[in-house]
Amino acid sequence: MRAWLAAAALSGAPSTAWSLARCRDPLEATKAAGTLVLPDDAPPWALVAAAAPVHLGVSLLWTAVLARALPARHRVAWGAAGGLAIAAIDLGVIGRRHPAIRRLPLVPQLADHALFGAVVGLLTRR
């Protein structure tokens, strides 16, 4: 539970920092996640509200997968690698069907996923 909540809370830091540094909307990725359940033209507040349960649910799923799959040694590094593998699915398979997700800059999204996996690896050490 701790790993899930921490990873879900911290994983957006890289893309948010990137957006702020470039004077872009720091909620761009959050709103894009909301388009998984609402149309792209939904009000911004609705996209943000919809993104919360989507993000928590997806994070719970991937936390459970990583917690079981990561080897005992070097869990943080393997977790980061696992996060990048998750990015291939989240962004490359699912995200390609959603224009708002496709429009997101790739490198910050990869960093978010790598951080997610690293946090799960750190907090699920046995």
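Some notes on this structure:
- Residues (farther than 15 Å from Gly12 by Cα, of a type in the set (Gly, Ala, Ser) and in contact (Cβ under 8 Å) with a residue 40 or more places away in the chain) located in the stretch 29-63: none
- Residue match in the stretch 112-123 (condition: more than 12 Å from Ala7 (Cβ to Cβ) and surrounded by 17 or more Cβ atoms within 10 Å (Cβ to Cβ)): no
- Residue check, Asp90 assigned to a helix (DSSP H, G or I), among the acidic types (Asp, Glu) and either crowded, with 17+ Cβ neighbours inside 10 Å or out of contact with any strand residue (DSSP E or B) (no Cβ under 6 Å at 6 or more places or on another chain) (or both): yes
- Selected residue [closer than 30 Å to Arg125 by Cα, loosely packed, with under 13 Cβ neighbours inside 10 Å and over 17 Å from the mean Cα position of the chain (by Cα)] from Arg22, Arg68, Arg75: Arg68
- Test: residue in the stretch 11-34 that is more than 18 Å from Pro108 (Cα to Cα), of a type in the set (Lys, Arg) and touching a helix residue (DSSP H, G or I) at 6+ places or on another chain (Cβ under 6 Å): no
Quick note: the coordinates plus some simple rules give every number you see, no bench work behind them. Fair warning: this is a prediction, and the values are worked out from it, not measured in the lab. Counting neighbours? That spans all protein chains shown, and the Cβs are built from the backbone with ideal geometry, glycine included.
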